[in-house]
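In what follows, a single structure is set out as structure tokens and then discussed.
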Amino acid sequence: MDQETGTRPLAGLRVLDLTRVVSGPYCTRMLADCGAEVIKVEPPGGEHMRRKQPVRDGLSSYFGHLNVGKRSVEVDLYAPAGQRALRRLAATCDVVVENFRPGVTAALGLDYPTLAAIRPDLVYCSISGFGQDGPRARQPAYAPVIHATCGHDLAVMQYQRGQDRPPATGVYYADMLAGIYAFGAIQTALLARGRSGQGEYIDVSLLDAMVNLMVPEVQEAQFAMPYPRWMFRPVRAADGFVVATPVSARNFEQLTEVVDRPDWRQDPRFATPTGRERHWDALMAELEAWTSQRPAAECERLLATAGVPCARYRTVAEAMRDPHLVERGLFRRVDDDAGGFEVPALPFRFATVDVGVQGRVAELGADNGLLGSEGAAAAE
């Protein structure tokens with residue numbers, strides 16, 4: 001496989017990255033992995049994520065995970081000299097990505113109308129919590145706020161059964177989803193620009209992204225279900241938990257063979273797909289009588305070998321060492337001045353070029369020369 005950066009699919013594309021925290025930086029890291037030159041703009045002293053734990057020798061691997069492969073310029077966005085320098089830099093860019101609250105970039109003179117007047121074919125993407133218009137557009141929002149607003153957390157609470165409050169948020173679904181949607185929308189706009197020569201403005205909302213995630217929930221909110229939707233849930237093993245998903249008729253037959261329960265095929269609760277859906281908890285209770293007598297790894301091996309979709313529950317550290325992911329080369333080593341650490345590559349591959357993680361995590365202001373003398377002075 002060709003590993004040269006110049007052969008990557010977005011090679012030659014220049015991106016001005018005005019983003020911070022998670023959603024925007026994840027989007028622009030995907031662009032960087034695909035070969036774009038991404039110029040990350042940071043305030044004097046650096047984006048606060050540079051101090052986010054885990055920190056080694058003063059450098060954050062969390063920040064590095066989201067920003068590896070980018071260039072870094074340090075500039076005061078609120079200084080007129082810094083704003084002028086960024087407008088000059090934007091004139092050389094194909095794409096601008098920002099995730100400020102609506103109205104901030106206009107106040108800074110870095111909004112789409114201003115920059116499109118300088119570069120008419122510019123693709124400009126704004127990522128925000130609630131979108132650029134609507135009654136809540138200017139409200140502050142991080143992923144946990146969006147998870148609560150969109151109905152996701154109360155749905156999960158209902159699925160858990162017996163919980164007295166919505167779940168804590170640890171995985172930032174809204175941020176990652178919005179970053180992915182922004183990445184895809186930018187590619188679509190660039191494709192259209194290649195045909196028409198016209199730029200585009202893109203409005204990506206974390207709230208819209210999360211609502212799109214919940215397909216059955218949206219439909220069930222409109223139409224009553226004749227019985228509660230069945231939930232995939234863990235079953236106890238001798239030393240942990242496994243999840244099995246014998247959804248199809250063939251999967252169910254394979255399950256009865258592995259656990260030596262052919263009687264389940266005649267059991268009126270389980271004999272039909274609808275019956276299994278209605279009595280899924282009962283089926284899982286029967287399965288748990290079998291899994292609880294065996295180690296989780298053995299349950300996984302026996303069921304998966306028979307064709308029943310199954311997995312034991314792993315920690316993230318265990319998953320990172322999974323021989324399957326190791327063989328696929330998902331995790332790549334990246335470096336900063338504190339040493340090396342691993343980050344996952346993009347979840348897609350090309351047959352002819354590499355889109356894996358590339359480069360180092362840039363030191364703050366390492367590329368201030370791109371701003372010119374006036375812009376570099378604005379960082380001081």
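A few remarks follow.
- Computed over the stretch 1-132, the percent of Cα pairs more than 22 Å apart is 37.
- Cα gyration tensor, the stretch 209-336 - rounded (a/c under 1.5), prolate or oblate: oblate
- The chain - Kirkwood radius from inverse mean 1/r over Cα pairs (Å): 23.7
- Taken per residue, the accessible surface of the chain reaches 50 Å², heavy atoms only and a 1.4 Å probe.
- Distance histogram for the stretch 1-67 (every C-alpha pair counted, 10 angstrom bins, percent rounded to whole numbers): 21, 44, 27, 7
- Of the residues 23, 235, 343, the one whose Cα sits farthest toward the positive end of the charge dipole of the chain, with +1 on the Cβ of Lys and Arg and -1 on the Cβ of Asp and Glu, is 235.
- Of the peptides 138-148, 18-28, 219-229, the ranking by mean beta-carbon count within 10 Å, highest at the top, reads 18-28, 138-148, 219-229.
- Most fluctuating residue given options 337, 267, 354, as computed from a GNM of the chain linking Cα atoms under 10 Å: 267
- Across all directions, the average projected area of the convex hull around the alpha carbons of the stretch 29-88 is 4.5 nm².
- Taking a sphere under 15 Å around the Cβ of residue 21 and counting the other residues whose Cβ falls inside, with K and R at +1 and D and E at -1, yields a net charge of +3.
- Residue among 302, 13, 330 with the largest mean-square fluctuation in a Gaussian network model of the chain, springs linking Cα atoms under 10 Å: 302
- For the stretch 120-244, the Stokes-Einstein estimate of translational diffusion at 20 °C and a viscosity of 1.002 mPa s comes to 125 µm²/s, using the Kirkwood hydrodynamic radius over alpha-carbon pairs.
- Rounded to the nearest 20 debye, dipole of the stretch 197-263 from Cβ charges on Lys, Arg, Asp, Glu: 260
- Accessible surface of the chain, 1.4 Å probe, proportion on carbon and sulfur as whole %: 54
- Charges were assigned to the Cβ only: +1 to each Lys and Arg, -1 to each Asp and Glu. The resulting dipole of the stretch 287-380 about its Cα centre is roughly 720 debye.
The values are calculated or read from the model by the stated rules, or taken from the named source; none is laboratory data. Note that the structure is predicted; figures quoted are calculated from it, not measured. Positions of Cβ are generated from backbone atoms using ideal geometry, with glycine treated the same way; all protein chains shown enter the neighbour counts. Keep in mind that these areas ignore ligands, DNA and RNA; they rest on the heavy atoms of the full protein, side chains included. Shrake-Rupley method; radii C 1.70, N 1.55, O 1.52, S 1.80 Å.
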